[in-house]
Amino acid sequence: RADLEARGGVPLEMARFRPNVVVSGAPAWDEDRWARVRIGPLWLRVTKPCARCVMTTLDPRTGAAGKEPLRTLATFRRVDGEVMFGLNLVPELEDGARPPTLRVGDA
């Protein structure tokens, strides 16, 4: 997010992207190389990059519409006509197994 904010020149709350999981400590756009991710006890498989919609242009606090982050993302994160930010992941589980609980701060 920091790289995107620097490129677009506007602060962006992560809430705009409606994430389930936020990873910190990795270089910007490092997720483009990931096939699997481990968070705590859970392995997750990358299924595809996440295409972003116009909802990301709404300020989550005020509902005010703008052009960011899609305008900036479109300059360097466009794939097959869609603007990408983040990943879609699925848990890797044994048949019938329940996923373990993830907690804020899990490494």
In segment 41-56, anything in contact (Cβ under 8 Å) with a residue 40 or more places away in the chain and within 16 Å of Arg1 (Cβ to Cβ) is listed as Thr56
When every residue in segment 64-107 that is polar (S, T, N, Q) and closer than 27 Å to Gly9 by Cβ is compared, the one least open to solvent (accessible area, probe 1.4 Å) is Thr72
Going through (1) more than 24 Å from Asp3 (Cβ to Cβ); (2) acidic (Asp, Glu); (3) under 15 Å from the mean Cα position of the chain (by Cα) one by one, Asp95 fails only at (3)
Among residues of segment 15-57 being in contact with a strand residue (DSSP E or B) (Cβ under 7 Å, 6 or more places away or on another chain) and loosely packed, with under 11 Cβ neighbours inside 10 Å, the residue farthest from Leu93 (Cα to Cα) is Lys48
Those residues of segment 57-90 which are in contact (Cβ under 8 Å) with a residue 60 or more places away in the chain and either in a loop (DSSP other than H, G, I, E, B) or within 16 Å of the chain's Cα centre (by Cα) (or both) amount to Glu68, Pro69, Thr72, Leu73, Thr75, Phe76, Phe85, Gly86, Leu89
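The values are calculated or read from the model by the stated rules, or taken from the named source; none is laboratory data. The shown structure was predicted, so the numbers you read here are calculated from the model rather than taken from an experiment. Every residue, glycine as well, gets a Cβ built from its backbone with ideal geometry; the counts of neighbours run over all protein chains shown. Only protein heavy atoms, including side chains, enter the accessible area calculation; ligands, DNA and RNA are left aside. Shrake-Rupley method; radii C 1.70, N 1.55, O 1.52, S 1.80 Å.
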